[in-house]
Amino acid sequence: MAKITRTWWGESFLDVLGTIMDDGRLRRGRAYAGPNRLLEFSIKDTSVKAKIRGNKNPYFGVYKEPRYKTEFKLKQFSAKEWDGLTEEITRNAACLSQLLMNEMPKGIEAVFARQKLNLLPRNKADLVTKCSCPDYADPCKHVAGVYYKVASLLDRDPLLLFQLRGMDALKLQEKLAASPLGKALIDQWGEGEQVVEYQAHRYPEPPVKVAAVSDLKTFWQGEQALPLVGHFSGQPAAAAVLIKKGGDYPAFWQRDQSFIEVMEKLYPRIVDKNKAQL
C-alpha cells in the first residue's frame, strides 16, 4: 500500500490516530482520504471541514448513499503561549532559519517542550472532532479520512501545522524576521525575496542608462561579453534556498526521497558539468 506521508512530521501527525482508534476504523478511515470519498474539503483559519461520501447499507436501512459533514480542529494555544514560543524560537538559530524558509525544524518539538507544550498532537485531548455520521466512536473513520488528508498536505506545507494550532504562518515568520537573530540571518541571505548571493564578477552590473538598440545582434549579445566564471567558487550562500522556500515534497513529486535533498545534489553537478559554457 502506498504511503500517505513521506516526512517525519506527517508520520508523527498520524501517530496519534493509532493510539486513540481501533485498527478496523483506522484502516477504513484511510479509504475516505481519496477523491472518490472526499467530496468537499477546506481549511479556513484553524478549522478543517469536509463532506464525505458514505456507504449504502440496506441491513441498517440505509438505501440512499449518505453524505456526512465532518470537522476537526487541534487544541489551540493562547496568545500568551505563542508569545513565549516565538521568543523561544528566536533563541534557536537552526529552528529560526528553517522556519523562515518554510521548513519544519527537526528540533521544533524540543522548543515547544521547554514551554510545556507540543506542536504535533500527542493524545485525544489535542483533537476536537465532529461528524454527522451515526457512529458512536470519536473520532470515527470519516474524521480519520480527513486527518489522513491533512497529513498528506503537511508534507508540502509543514507550517500549516502552526496555523491549525492558532498561529498564522506568515505572522510567525514576520515576528521571527523582526528579531535580532532573524534580521542578522536575512542580512546574510540578502534583502527581500532575493536570498541567493549573486557573485559580482559573474554578472556585470547593468548600466544606469540603456542606450537605444540599433539591431537584434546588439540586443542579444550586448556591447560587452560576460566574464568567464573561473573565479566563481560554485558555493551559493545557502544550498537550494529557493526550492526550500516552496516546501519539500511538491505535488508533482511522487518519490519517497526528499525533493530538496535531490535538488541540493543535482544543482552543483549541473553547474560543474556546464561551467565551460556559462
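The values are calculated or read from the model by the stated rules, or taken from the named source; none is laboratory data. All figures in this text were calculated on a predicted structure; none of them were measured in a lab. As a convention, Cβ positions derive from the backbone with ideal geometry for all residues, glycine included, and neighbour counts pool all protein chains shown.
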Tell me yes or no: at least one residue of the range 87-104 is farther than 28 Å from SER258 by Cα, modelled with pLDDT of 85 or more and surrounded by fewer than 16 Cβ atoms within 10 Å (Cβ to Cβ). yes
Give all pairs with beta carbons closer than 8 Å in which a residue from the range 43-62 that is farther than 29 Å from ALA151 by Cα meets a residue that is among the small types (Gly, Ala, Ser); count only pairs at least 6 apart in sequence or on separate chains. VAL62/GLY54
Hey, any hits in the range 90-102 for a residue that's of a type in the set (D, E, K, R) and farther than 30 Å from GLN188 by Cα? no
Looking only at the range 60-86, which residues are of a type in the set (A, V, I, L, M, F, W, C) and surrounded by fewer than 18 Cβ atoms within 10 Å (Cβ to Cβ)? PHE60, VAL62, ALA79
Taking VAL48 and the conditions (1) of a type in the set (A, V, I, L, M); (2) under 19 Å from LEU164 (Cβ atoms); (3) over 24 Å from the mean Cα position of the chain (by Cα), which numbered condition does it fall short on, given that it satisfies the others? (3)
So, first residue touching a residue at least 60 places away in the same chain (Cβ under 8 Å) in the range 156-185, second residue among the basic types (Lys, Arg), Cβ within less than 8 Å, six or more apart or across chains; the pairs are LEU164/LYS73; ARG165/LYS75; ALA177/LYS183; LEU181/ARG91
With the condition kept exactly as written, say whether any residue in the range 155-177 is under 17 Å from PHE72 (Cα atoms), of a type in the set (Lys, Arg), in the same structural domain as GLU88 (by TED's automatic domain parsing) and part of a helix (DSSP H, G or I). no
